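Single-structure report; data block below.
The values are calculated or read from the model by the stated rules, or taken from the named source; none is laboratory data. Fair warning: this is a prediction, and the values are worked out from it, not measured in the lab. Methodologically, a virtual Cβ is constructed for each residue, glycine included, from the backbone with ideal geometry; neighbour enumeration extends over all protein chains shown. Please note that ligands, DNA and RNA were not included when accessible areas were found on the heavy atoms of the full protein model with its side chains. Shrake-Rupley method; radii C 1.70, N 1.55, O 1.52, S 1.80 Å.
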Amino acid sequence: FPIRKDEQSIYISIAAYRDHLLGETLKDAFRKSQNPQKLYVGAIVQNCFGLETTCRTGVQVVGQDKKGRPQTKVSDAPPDINGIDQFCTDPEFVQYCNTGQIRALYVNETESLGPAAARYYASKLWGGETYYVQVDAHLHFAEHWDQKYIEEFKATKSYPHSILSSYPPGFSEHVQRDIGQSKGSRLCSCEFSTNQIEQDIIRINTGSGYQSSDGPITQIPFMAAGFFFTAAEWLVDVPFDPLLPWTFMGEEIALSMRSWTAGWDMYAPRVNLIAHQYRPGRLGLPKFWETVGRVFGRPGPGFNTMLQRITLQRLKHMLGYEDSSLENMKQSGADRVLLDIEHYGMGQKRTREEYLQLTNIDMEHKKCSRIPWCNEGTLE
């Protein structure tokens with residue numbers, strides 16, 4: 001699609017996996033928007049519809065054994081709430097569905113391939129809107145969040161080749177909070193995971209926050225998959241990789257490195273305009289890897305972990321891990337996962353080595369060091 005630059009419209013990409021808050025998230029986004037007629041949504045609704053299989057809960061903690069260890073169970077459940085239907089049958093919001101502002105692709109949970117694949121699908125529902133926003137399906141929004149993010153985006157020194165991103169503050173489902181008052185934090189740190197499941201993948205985290213919302217907006221070295229705001233031209237330079245099924249870890253460092261090498265600078269918003277429901281395991285909500293295990297007759301997360309171990313080689317090769325070099329992958333036969341990697345790898349404006357130097361990431365020794373310019377907010 002040609003980009004409608006003068007329209008100042010916003011496309012919201014949402015990958016929702018059996019999410020009971022999708023409908024409420026959409027309602028809050030439109031209700032709090034300054035220009036709801038300029039919002040467009042592309043939602044990948046991965047639900048259990050109860051048509052082919054019996055729906056199941058996630059792993060629920062139901063008590064403790066004699067040694068104090070959690071006792072868990074998985075139970076039958078009713079079909080999932082259809083958040084799109086919830087939104088479009090509400091008299092307050094039906095107009096936006098009638099004008100074609102809500103686009104949805106329904107995916108049976110048994111065909112879900114994880115968040116990276118779902119976000120690729122969502123990118124294909126973009127229809128030429130000016131700005132591209134990627135969020136999760138369980139958010140609260142500040143008043144006039146849309147216009148405020150546009151203004152924040154235009155305030156960046158690298159505009160229009162900028163990306164706003166952060167880990168938003170959390171909220172409890174049953175506790176309303178005033179969004180838009182807290183100062184933003186910066187994604188300034190990383191670590192090589194020591195969790196065997198995650199295969200040494202680089203994980204990002206927060207650093208220092210802004211002391212004032214009046215000062216300059218400053219750069220960060222990383223972007224979050226759960227929230228970023230950018231110009232739609234970014235999709236041309238950094239197309240989503242369609243060949244990362246079953247992958248849960250690694251997408252954030254890959255997006256960060258690909259975006260920066262393609263000439264896009266990342267910034268932390270000075271004020272938090274959204275809040276996110278973080279979901280610890282004790283909530284018992286369904287996870288896609290549980291479905292993968294049931295589909296393949298291997299209940300539990302272990303089978304998806306085996307599949308992810310294969311697909312992570314694609315990301316690790318792109319990021320520059322020695323054990324995933326082309327030579328090593330050819331020797332092991334793992335190079336088959338590198339199909340079309342040339343279309344979804346590093347950009348051509350800056351090099352991977354320059355990014356690693358900027359971020360103090362030592363790939364040889366698998367070590368992340370402090371990034372002073374990010375924590376001190378000196379790079380505009």
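Over 26 Å between Cα atoms, which of Lys183/Lys367; Lys330/Lys366; Lys73/Lys124; Lys154/Lys183; Lys183/Lys287; Lys124/Lys366 qualify?
Details: Lys183/Lys367 29 Å; Lys330/Lys366 22 Å; Lys73/Lys124 37 Å; Lys154/Lys183 18 Å; Lys183/Lys287 31 Å; Lys124/Lys366 35 Å.
Violating the 26 Å limit, Cα to Cα: Lys183/Lys367; Lys73/Lys124; Lys183/Lys287; Lys124/Lys366.
Taken about its Cα centre, segment 323-362 carries a charge dipole of about 140 debye when Lys and Arg each add +1 at the Cβ and Asp and Glu each add -1 at the Cβ.
Projecting the Cα atoms of Gly68, Ile10, Leu39 onto the charge dipole of the chain, computed from C-beta unit charges around the Cα centre, puts Gly68 farthest toward the positive end.
Each Lys and Arg adds +1 at its Cβ and each Asp and Glu adds -1 at its Cβ; summed about the Cα centre, the chain shows a dipole of about 720 debye.
Counting other Cβ atoms within 10 Å, which GluC sites (Glu not before Pro) in segment 71-117 have at most 12 and lie in a DSSP loop? Can you show the working numbers first?
Values: sites: Glu92, Glu109, Glu111; in loops: Glu92.
For GluC sites (Glu not before Pro) across segment 71-117 that sit outside H, G, I, E and B with at most 12 neighbouring Cβ atoms in 10 Å, the list reads Glu92.
For Glu143 and Asp90, FRET efficiency with R0 = 22 Å and r from the beta-carbon atoms, rounded to 0.05?
Working: r = 20 Å, r/R0 = 0.89.
It comes to 0.65.
Gly209's amide H: which non-local residues (gap 5+, or another chain) put their own amide H closer than 5 Å, with H modeled 1.01 Å from N in plane and none for Pro or chain starts? For Gly209, whose amide H was placed from the backbone, the distant partners under 5 Å are Arg186.
For the chain, the carbon plus sulfur part of the accessible surface works out to 50%, probe radius 1.4 Å. Taking Leu283, Leu21, Leu356 as the candidate residues, the one with maximal mean-square fluctuation in a Gaussian network model of the chain, Cα springs under 10 Å, is Leu283. Lacking any other cysteine beta-carbon closer than 4.7 Å is a condition met by no Cys residue of the chain.
Accessible surface area normalised per residue over the chain is 46 Å², counting heavy atoms of protein chains with a 1.4 Å rolling probe.
Taking all protein chains together and a probe of 1.4 Å, list Met223, Met249 from the most accessible to the least accessible.
Numbers: Met223 0, Met249 30 Å².
The residues order as Met249, Met223, largest area first.
The Cα atoms of segment 177-235 define a convex hull whose projected area, averaged across directions, is 6.5 nm².
Take the alpha carbon atoms of segment 1-61, find their center, do the same for segment 278-351, and report the distance between the two centers in whole angstrom. Comparing the Cα centres of segment 1-61 and segment 278-351, I get a distance of 25 Å.
Spin-label pair Glu354-Val62: with each label point 7 Å from Cα along the Cα-Cβ axis, the two points sit 5.8 nm from one another.
Note that segment 145-152 has calculated 3J(HN,Hα) couplings of 4, 5, 5, 5, 5, 4, 5, 5 Hz, one per residue in order, obtained from phi through the Karplus relation 6.51 cos²θ - 1.76 cosθ + 1.60 (θ = phi - 60°); glycine and proline are x.
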